[in-house]
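To keep things clear, I will list the structure first and then write my remarks on it.
The values are calculated or read from the model by the stated rules, or taken from the named source; none is laboratory data. In this text the structure is predicted, and so the values were computed from the model without any measurement. A quick note on method: Cβ atoms are made from the backbone with ideal geometry, for glycine too, and the neighbour counts reach across all protein chains shown. Surface accessibility is based on the protein's heavy atoms, side chains included, excluding ligands, DNA and RNA. Shrake-Rupley method; radii C 1.70, N 1.55, O 1.52, S 1.80 Å.
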Amino acid sequence: MIFNSINNDYGSYDKIIKFYHQHKNDFFTNINLSIYGWFGANMASPLGAILELFSDNINTIVFDELSYSIETILKKNRFLSYYGREQIADVNHTTISFQKLSPKDGKYFKKYVYEELLNREELPIMSEHVRDKIAEGIYEIFVNAQIHSETENIFTCGQFFPNKNKIEFTITDIGIGFRERIKRRFGTEISSGKAIQWAVRDRNTTKLDKSGGIGLDYLKTFIDNNNGKLQIISYDGFYQFSGGEEIIENFELSFPGTVVNVEFRTDDNKLYEDDHIIDLNTIFD
């Protein structure tokens, strides 16, 4: 398989899904992969989940060719360390390290989110309360994978893109997905896209006898104020929230789990202080 121009968009997720279906029934063989052009390093999260499934089938992952810049960034974020390549220092601090976590690693995940994402100086200025609420929303994504998806592992990483003024942070599981989760909880058949849309709304949850969805809704609100982006891929559903608008599309094939990608804008000059947002560009007008 040759990947070229893998970014944070519908077409790139579709390429990864097709790669999975091309090899999902392979056993005891070499699965060859080359990556050229552009590869957003946070996309190592869904790619790593797919490669894990291939490895579970006793296949060998072979990276035939990687362009120099792609190999460098995937060594910096530790992704290639899982495939026998050396890790190199990230002196520019643009990566959020690739992690393969057990659902039991919740405490480590919280620490990782603060240290590698939320304490970054590139993020907009925010109070500790706001930072904690964003952490709660991100942790809710982990908990959803931990409790509901029945996944064995969770794959996460991210990337700061200085020239594009954004940070992408991605979490992937290889579990049952939003649609199946709702079907089992409520006995209701809905599309994957509608299942995702329902799940991101305030207080919607499949937890028994518990409220939920609040942290994720707060995260969505912050993303809206920040002009960022939220993407969720679950089986054949694609959901994107950006610019106050929701986009729902379907894939021809299905991703074997769920991907959640959060984009934060770093060119945001607002101050987020508890329940107040102050535009720092206007306070001295």
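Go through (1) assigned to a helix (DSSP H, G or I); (2) open to solvent by 50 Å² or more (accessible area, probe 1.4 Å) for residue 113 and report which single condition fails.
(2)
Report, by residue number, each residue of segment 8-56 that is of a type in the set (S, T, N, Q) and farther than 16 Å from residue 172 by Cβ.
So the first thing to find is which residues in segment 8-56 are of a type in the set (S, T, N, Q), and the list is 8, 12, 22, 25, 29-30, 32, 34, 42, 45, 55.
Residues satisfying the conditions are 22, 25, 29, 30, 32, 34.
Any residue in segment 61-70 that is under 21 Å from the mean Cα position of the chain (by Cα) and on the phi > 0 side of the Ramachandran plot?
Going residue by residue through segment 61-70, those that are under 21 Å from the mean Cα position of the chain (by Cα) are 70.
Next, from what is left, pick out any that are on the phi > 0 side of the Ramachandran plot: none.
Scanning segment 61-70, I find no residue that is under 21 Å from the mean Cα position of the chain (by Cα) and on the phi > 0 side of the Ramachandran plot, so the answer is no.
Out of segment 2-61, which residues are in contact with a strand residue (DSSP E or B) (Cβ under 6 Å, 6 or more places away or on another chain), of a type outside the set (Val, Ile, Thr), without any contact (Cβ under 8 Å) to a residue 40 or more places away in the chain and open to solvent by 20 Å² or more (accessible area, probe 1.4 Å)?
Answer for segment 2-61, where residues must be in contact with a strand residue (DSSP E or B) (Cβ under 6 Å, 6 or more places away or on another chain), of a type outside the set (Val, Ile, Thr), without any contact (Cβ under 8 Å) to a residue 40 or more places away in the chain and open to solvent by 20 Å² or more (accessible area, probe 1.4 Å): 4, 5, 23, 30, 32, 36, 37, 38.
Can you name the residue in segment 255-282 that is among the charged types (D, E, K, R) and within 30 Å of residue 175 (Cα to Cα) and, of all such residues, is surrounded by the most Cβ atoms within 10 Å (Cβ to Cβ)?
So the first thing to find is which residues in segment 255-282 are among the charged types (D, E, K, R), and the list is 263, 265, 267-268, 270, 273-275, 279.
Those left that are additionally within 30 Å of residue 175 (Cα to Cα): 263, 265.
Details: 263: 23, 265: 19.
Checked segment 255-282; the qualifying residue surrounded by the most Cβ atoms within 10 Å (Cβ to Cβ) is 263.
Is one or more of the residues making up segment 162-173 polar (S, T, N, Q) and under 15 Å from the mean Cα position of the chain (by Cα)? Break it down stepwise before answering.
Quick first cut of segment 162-173, residues polar (S, T, N, Q) only: 163, 165, 170, 172.
Those still in the list that are under 15 Å from the mean Cα position of the chain (by Cα) too: 170, 172.
Within segment 162-173, one or more residues are polar (S, T, N, Q) and under 15 Å from the mean Cα position of the chain (by Cα).
Does segment 39-50 contain at least one residue that is among the aromatic types (Phe, Trp, Tyr) and over 15 Å from residue 160 (Cα atoms)? Don't jump to the end; show me each part of the working.
The first filter runs over segment 39-50 and keeps only residues among the aromatic types (Phe, Trp, Tyr), leaving 39.
Applying the additional criterion that residues be over 15 Å from residue 160 (Cα atoms) yields none.
No, the conditions are met nowhere in segment 39-50.
Return yes when residue 87 is without any contact (Cβ under 8 Å) to a residue 24 or more places away in the chain, within 23 Å of residue 167 (Cα to Cα) and open to solvent by 30 Å² or more (accessible area, probe 1.4 Å) and no when it is not.
yes
Which residues, taken from segment 99-110, are in a helix (DSSP H, G or I) and either open to solvent by 60 Å² or more (accessible area, probe 1.4 Å) or of a type in the set (Val, Ile, Thr) (or both)?
107, 108, 110
Output the number of the condition that residue 213 fails; it satisfies all remaining conditions of (1) buried (at least 21 other Cβ atoms within 10 Å of the Cβ); (2) more than 21 Å from residue 244 (Cβ to Cβ); (3) at pLDDT below 85.
(2)
Looking for whichever is in contact with a Gly (Cβ under 8 Å, 6 or more places away or on another chain) and modelled with pLDDT under 95 here; the options are 265, 203. Which one fits?
Working: 265 fails: modelled with pLDDT under 95.
When all the criteria are applied, what remains is 203.
Residues are listed down the side, and each one gets a yes or a no for (1) surrounded by fewer than 19 Cβ atoms within 10 Å (Cβ to Cβ); (2) within 30 Å of residue 266 (Cα to Cα); (3) among the charged types (D, E, K, R); (4) touching a residue at least 40 places away in the same chain (Cβ under 8 Å):
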{"position": "122", "(1), (2), (3), (4)": "yes, yes, yes, yes"}
{"position": "157", "(1), (2), (3), (4)": "no, yes, no, yes"}
{"position": "175", "(1), (2), (3), (4)": "no, no, no, yes"}
{"position": "186", "(1), (2), (3), (4)": "yes, no, no, no"}
{"position": "196", "(1), (2), (3), (4)": "no, yes, no, yes"}
